[in-house]
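The values are calculated or read from the model by the stated rules, or taken from the named source; none is laboratory data. The model shown is predicted, which means the values in this text are computed figures rather than measured ones. Cβ sites come from the backbone with ideal geometry, for glycine too, and all protein chains shown count toward neighbours. Please note that ligands, DNA and RNA were not included when accessible areas were found on the heavy atoms of the full protein model with its side chains. Shrake-Rupley method; radii C 1.70, N 1.55, O 1.52, S 1.80 Å.
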Amino acid sequence: MKLWLGLALLAGPLAAQSAQARLEGRVPGAAIPAVDSLVQRAYAEGLPTEPLIQKALEGGAKQVTAPRIVAAVQVSLGQLRDARDLLVHGGDEPPVTPGEVTTVAWALRRGLPGPVVQRVLVALPRPPRASAMHAVADLVAHHFDPDSGADLIIAAIGQGLVPERLLDVSAAAAHELQRGHTHAEALALVRQELPNVPASPKPTRGAVARARRPAAPTPP
Amino acid sequence: MDVTGAPSDAEVVARVLGGDSEAFALVVRRYEAGLLRFAARMLGSRDAAADAVAESFVRAYRHLASCREPARLRTWLYRIVANRCKSHLARRPIADVSLDEAPAVADPTDTELNLERAEQLALVQRALVQLSPEKREAFLLKHVEGLSYEEMAAVTGERVPTLKMRVHRAREALLQVLEGYE
Amino acid sequence: MNAIDPRIHQALDGELAPAALSAELSRVVERLVTAAALLAAPLPLASLESRVMAAIRRPVPSRARRLLRWLATPRAITFRVRPVWSLAFAAVVALLTLFPLGHEGPDIGEHEGIAQFVGRFPGAQSVHVVGSFNDWRSGSIALEDVDQDGVWRATVVLPTGAYEYMFVVDGERWVPDHLAERLVADEFGRENSIVIVRPARR
């Protein structure tokens, strides 16, 4: 027990150390202490730290000033907290997993109202929910009403569609829109097709043959 | 090669891709009548149809290597024309139909039959115009161009159940309009 | 719209023998068959053969000339009307016709997928995609414009998941992916595009 406690105590500073190492040379020096402090706070609250580090790296890459980077990381931390609260309210036992916090934070950032997120959480009591959240968010991005979009995805879940296929459901609805149907017609058409919405095409042989892994970063 | 000795579509495609571009004229002669009829009924204008189909043929020639099943060249061509018609309709609504439309008849001296057929055709065309582009397309492909539902799926990219529903609704809508004119 | 007797649909779809219909239903079927026959009459139109063959025989302008013509021609509607369709068509044609010999590509793991990035940047010297999949480092994923038509492409193996990204053109201009249907505010006053990488083996 003492060993685990010791390791847990070490992990905090280790997490911060790894964040600092990643930020050095990529983010304005003036921002690093404040970002580091926010990362530590997230870690202590059981929240994922990677989204905060990514936001800081993004700001550095986009050559944003230090104060704006810190502000953006603070906003990100707030989003993670909101996501965690929604998960706990939705019935997930604390500590909620960092992966699920990230998933729900995505959903909120993409414009899903909290109540709609909660409806999806109730319909999918256990992870993974990323595909479901993104599928509803895709519908919202196409100006479907959030609740109607959630209805469709929840209906798809109810018909036994695996999470991976939920993105095909939103794609099918968007496809019907592009065919000239109204939003209501598109939802009705796709609903009728459930669970047999067309699957998205797998990558072709040519695409696989051409695919490359990102080049490894060159050492500073 | 079929029983008449004419080269099959797959043979013609192979010849064109092999460098014999003049062989493409065979494709044009073979399919222009059906494609023109389809486009004219979709767009309500023979001139627009001629432009759409001519452009479609040129596009088909330039992208012939991407025709995955040369034996199904016909459905591939209909697909190109159908998409061109939809783009055209998205920019401008269907033109009103001219009553001068005169169908070909077996006996050109029978003017009374000609006139009656012309009037009937104008009525049907007017009813067709009132369908949405998707229903119009589905009805034409099924009942005028004689495609199977599977071929229609290849042309439109839609699933067979969706197409069946569209054809059914198109029939119902057409009947309603035709009965309204009585 | 009034629904009609389903047996009419069955007869017209060849699923029911016409003889099985009552006189009244047969009359309705006949009405539709007659309408279709009228529409099926060939149109008195001149052959397109000479027009099409003349267009085919005309030499295709060089890429530079086509690019100039494209830039000079007002194309607001064409560009605005779902460029995702034409570029998706171009991407599909490219995917179907490109089968490089020899190189099989990387082994793709169970939790990996393929992301395809496409963007139109005529005149660009370099285009990179930068995002949360490469720690926002420019230079690790370069797009290529193999046939010099201004359309830049990259196909990348990535772990499955959702990522934010932008394109960086000529090392300095940050541009969102206009073809991406998913966007999210970046908290820096701009928008990032989102890509969702699904398992390649599904």
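Residues of segment A:167-182 that lose at least 20 Å² of accessible area (1.4 Å probe, protein heavy atoms only) when the other protein chains are present, relative to their chain alone, are A:Leu167, A:His175, A:Glu176, A:Gln178, A:Arg179, A:His181. Cross-link reach is defined here as a Cα-Cα straight distance under 17 Å, omitting same-chain residues fewer than 8 places apart; for B:Lys135 the lysines meeting it are B:Lys86, B:Lys164. Taking A:Thr204, A:Thr97, A:Thr65 as the candidate residues, the one with maximal mean-square fluctuation in a Gaussian network model of chain A, Cα springs under 10 Å, is A:Thr204.
Can you pull out the GluC sites (Glu not before Pro) in segment C:98-186 that DSSP calls coil and that have at most 15 other Cβ atoms within 10 Å?
Values: sites: C:Glu104, C:Glu110, C:Glu112, C:Glu144, C:Glu164, C:Glu172, C:Glu181; in loops: C:Glu104, C:Glu110, C:Glu172, C:Glu181.
Of the GluC sites (Glu not before Pro), the ones in loops of segment C:98-186 whose Cβ has at most 15 other Cβ atoms within 10 Å are C:Glu104, C:Glu110, C:Glu172, C:Glu181.
With all pairs of separate Cα atoms included, segment A:110-220 yields a Kirkwood hydrodynamic radius of 15.1 Å. On C-alpha positions alone, give me the angle between the axis of helix A:98-109 and the longest principal axis of chain A, in degrees, nearest 10. With both axes taken from Cα atoms, the answer is about 60 degrees. Spatially, segment A:101-162 and segment A:44-72 are offset by 26 Å when compared through their Cα centroids. Sorted largest first, the principal axis extents computed over the alpha-carbon atoms of segment A:12-109 equal 41, 27, 16 Å. Taking θ as phi - 60° and the Karplus parameters 6.51, -1.76 and 1.60, the scalar couplings of segment A:177-184 work out to 4, 5, 6, x, 7, 6, 4, 4 Hz in sequence order, x denoting glycine and proline.
Once all protein chains are placed together, C:His111 keeps about 130 Å² accessible to a 1.4 angstrom probe.
Over all directions, the average projected area of the alpha-carbon convex hull for segment C:112-197 comes to how many nm²? Let's see the in-between values first.
Numbers: hull surface 21.3 nm².
One quarter of the hull surface, i.e. the mean projection, equals 5.3 nm².
The C-A contact accounts for roughly 4200 square angstrom of buried accessible surface, both chains included, probe 1.4 angstrom. Rounded to whole Å, the principal axis extents of the Cα atoms in the protein assembly as shown read 104, 57, 42, largest first. Testing the spin-label approximation: label points 7 Å from Cα along Cα→Cβ at B:Ala14 and C:His111. State their distance in nm. It is 4.9 nm.
Accessible surface area normalised per residue over segment A:113-199 is 40 Å², counting heavy atoms of protein chains with a 1.4 Å rolling probe.
Ratio of chain A's C-alpha Rg to 2.2 N^0.38 Å, to two decimals? Could the numbers behind the result be given before it?
Values: Rg = 20.6 Å, N = 220, 2.2 N^0.38 = 17.1 Å.
My calculation over the Cα atoms of chain A gives 1.21.
In segment C:2-35, the residues whose accessible area drops by at least 10 square angstrom when the other protein chains are added to the isolated chain are C:Asn2, C:Ala3, C:Ile4, C:His9, C:Leu12, C:Asp13, C:Glu15, C:Val28, C:Arg31, C:Leu32, C:Ala35; the probe is 1.4 Å and only protein heavy atoms count.
In order along segment B:165-175, the phi-based Karplus estimate (6.51 cos²θ - 1.76 cosθ + 1.60, θ = phi - 60°) of 3J(HN,Hα) comes to 4, 5, 5, 4, 5, 5, 4, 5, 5, 4, 4 Hz; Gly and Pro are listed as x. The protection proxy used here, the mean number of other Cβ atoms lying within 10 Å of each residue, ranks peptides A:34-40, A:125-131 as follows, highest first: A:34-40, A:125-131.
For segment A:12-109, the solvent-accessible area of protein heavy atoms averages 43 Å² per residue (probe radius 1.4 Å; ligands and nucleic acids excluded). Residue separation of B:Arg59 and B:Ser21 scaled by 0.36 nm, minus their Cα-Cα distance, works out to 12.3 nm of gained length.
Please give the total accessible area that chains C and B bury against each other, computed with a 1.4 Å probe and expressed in Å² to the nearest 100.
On the way: alone 15470 and 10600 Å², together 21960 Å².
For C against B, buried area totals roughly 4100 Å².
Within 10 Å of each Cβ in peptide A:50-57, how many partner chain Cβ atoms are there on average? Round it to a whole number, please. Let's see the in-between values first.
Numbers: counts 1, 2, 0, 2, 7, 6, 1, 5.
Mean inter-chain Cβ contacts per residue within 10 Å come to 3.
Solvent-accessible area per residue in segment C:112-197 equals 39 Å², computed with a 1.4 angstrom probe and all protein chains kept. Rounded to the nearest 0.05, the FRET efficiency derived from the C-beta distance between B:Ala90 and A:Val75 at R0 = 35 Å is 0.30.
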